[in-house]
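Values in this text are rule-based calculations from the coordinates and carry no lab data. Computed from a predicted structure; not experimentally measured. Neighbour counts run over all protein chains shown; Cβ positions are idealised from the backbone, glycine included.
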């Protein structure tokens with residue numbers, strides 16, 4: 001059983017988030033109705049959180065490593081945007097991206113696991129699936145920041161080392177598809193962080209998932225579409241050769257939606273059956 005959090009920032013964030021779910025502004029003494037959305041509640045919890053730094057810093061570290069690898073392997077690589085992209089993303093999307101998603105998902109569940117907040121949420125007139133969906137949406141918004149940073153660092157690194165021109169529009173497509181695939185991983189990781197109250201263990205599971213996803217992609221490619229942690233990797237073209245198209249792209253989107261939907265249903269069932277609150 002966790003002791004109630006005595007962190008004043010966490011307590012204030014919890015109070016404001018629960019007020020948002022109830023549809024009241026905690027700063028308004030008359031309790032005027034506001035938009036009572038789970039997304040607003042999640043954003044309120046993250047308002048002063050340092051987690052946002054990770055979504056800028058980790059992609060920067062990955063870009064530095066990728067650029068170093070590119071520069072030191074030019075005797076084997078054809079200079080240009082494609083090979084810089086593979087060097088930036090192959091390592092990044094196997095290790096850094098899963099870790100980022102794992103940390104973000106654990107952080108989104110952190111407040112719920114402290115101070116008996118599940119009991120407070122249970123008293124709110126909000127369906128469990130809406131809470132789950134709100135967390136997935138915010139988790140994907142956080143992921144979008146990380147991927148925008150990834151793209152920006154990619155372009156800046158390329159220009160800094162003298163690559164001619166600018167990368168083509170297909171790289172925006174790679175990032176967009178990686179975001180969709182990453183959304184499925186966000187949903188799965190939220191369930192993992194819901195069930196496992198420890199902050200670090202779900203991050204380790206995400207890292208293991210990223211490595212396993214790479215092995216599945218290379219060893220049993222036909223099944224990669226059916227393994228959530230492989231989805232960002234097969235969408236990113238991190239190994240070169242071109243992105244998804246046609247039937248492969250359609251199957252990719254179906255798989256992403258299916259994993260996200262299953263995870264949201266699982267999240268809702270766990271909350272509604274009080275499996276989480278039993279440990280509060």
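In terms of packing, defined here as the mean over residues of other Cβ atoms within 10 angstrom, the peptides 260-271, 75-86, 163-174 line up highest first as 260-271, 75-86, 163-174. The mean sequence distance of close C-alpha pairs (under 8 Å, at least 6 residues apart), as a share of the length of the stretch 50-279, puts its relative contact order at 29 percent. For the stretch 168-221 versus the stretch 50-106, the spacing of their alpha-carbon centroids is 15 Å.
Between residue 265 and residue 247, the distance separating the two model label sites (each 7 Å from Cα on the Cα→Cβ line) works out to 2.6 nm.
Fully extending the segment from residue 160 to residue 68, taken as 0.36 nm per residue of separation minus the present Cα-Cα distance, adds 31.9 nm. Extending 7 Å from the Cα toward the beta-carbon at both residue 196 and residue 60 defines two label points whose distance is 2.9 nm.
With a Förster radius of 25 Å applied to the beta-carbon distance between residue 91 and residue 208, the computed FRET efficiency rounds to 0.95.
Taking 0.36 nm per residue of separation and subtracting the Cα-Cα distance, full extension of the segment from residue 218 to residue 272 would add 15.5 nm.
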